[in-house]
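Take a look at the structure below.
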């Protein structure tokens, strides 16, 4: 979780495209936002915001009642908590315990870009909420969070069904990535927690492996029924559903960003039989792989 991020490789914009300070936000209180953000909201998130701010140095005091997670992308910012200044670098993450006062300070009149999340008090986030510890760290998952949220926010204005379906997968992935912040919480009550998220990370990174419920349960020293309960608790999915979702999200990226054949993509996501892959993909996205690829690439060409 801790390490130097590669956000610089993402070519972050120095200012929003339209010019001037700007905020993009997805919120559970907006019914229309559920079409792309439902998995995040089911996980307890109430809002996700990406902001570009410019102007004179400023200082704002907060006392959040919800969990508040801040990810700094660029510019000179610091967080003041309990009399200590925490200067933020690119890719730094800050978590401030709920109901404690802190100040967010913009230190210069240059552009600042950031992401913030508000999460309500639900059981899934209980460990992080109750740890009562201020967290400031360089967050290795910052590029992933940035890319996923940009795609989700962009899909809010997309009328096409496939774009919104892809955003739902990204929203599920974003919630899953953020939930790994549990690992930072001291004295976690669940001895299997870290191993569990290492397992799910490996599934996402290597979807072509022959993942079986039996082997996954053994790797965590759990029964198969206990493994099912853990998956349902954290993702509202069974282990098999989690594997399919990871494979389909990876397949959609390969279809959009490569010219590989369907057979090769099928093998790359763990299916020897291309017809089986096509059937599962069609059920998941509502379009067969070939039509999905053509429609998605046509949409990208029209934008350019």
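Every number here is computed from the coordinates shown, using simple stated rules; none is lab data. As the structure is a computational prediction, the values presented were derived from the model and not from experiment. Reconstructed Cβ throughout: ideal geometry from the backbone, glycine too, with neighbour counts over all protein chains shown.
Taking R0 as 30 Å, what's the FRET efficiency between residue 282 and residue 210 from their Cβ-Cβ distance, rounded to 0.05?
On the way: r = 23 Å, r/R0 = 0.76.
Between residue 282 and residue 210 the formula returns 0.85.
For residue 108 and residue 229 in one chain, what is 0.36 nm times their gap in residues minus the Cα-Cα distance, to one decimal in nm?
Working: separation 121, 0.36 × 121 = 43.56 nm, distance 4.90 nm.
My answer for the length gained is 38.7 nm.
Using 0.36 nm times the number of residues separating residue 84 and residue 291, minus their current alpha carbon distance, what extension gain do you get? Before the final figure, lay out the partial values.
Working: separation 207, 0.36 × 207 = 74.52 nm, distance 5.54 nm.
My answer for the length gained is 69.0 nm.
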Checklist entry - Debye sum, Cα scatterers, the range 7-160, no solvent: what log₁₀ I/I(0) at q = 0.09, 0.15 1/Å? => result -0.29, -0.84
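If R0 is 30 Å, what FRET efficiency do you get for residue 101 and residue 123 from their C-beta distance, rounded to 0.05?
Numbers: r = 26 Å, r/R0 = 0.87.
In this case the efficiency is close to 0.70.
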Checklist entry - Extension gain residue 273-residue 21, at 0.36 nm per residue separation less the Cα-Cα distance, in nm? => result 85.7 nm
Next on the checklist: Starting from the Kirkwood Rh over alpha-carbon pairs, what translational D in µm² s⁻¹ does the range 81-126 have by Stokes-Einstein at 4 °C and 1.567 mPa s?
Outcome noted: 98 µm²/s
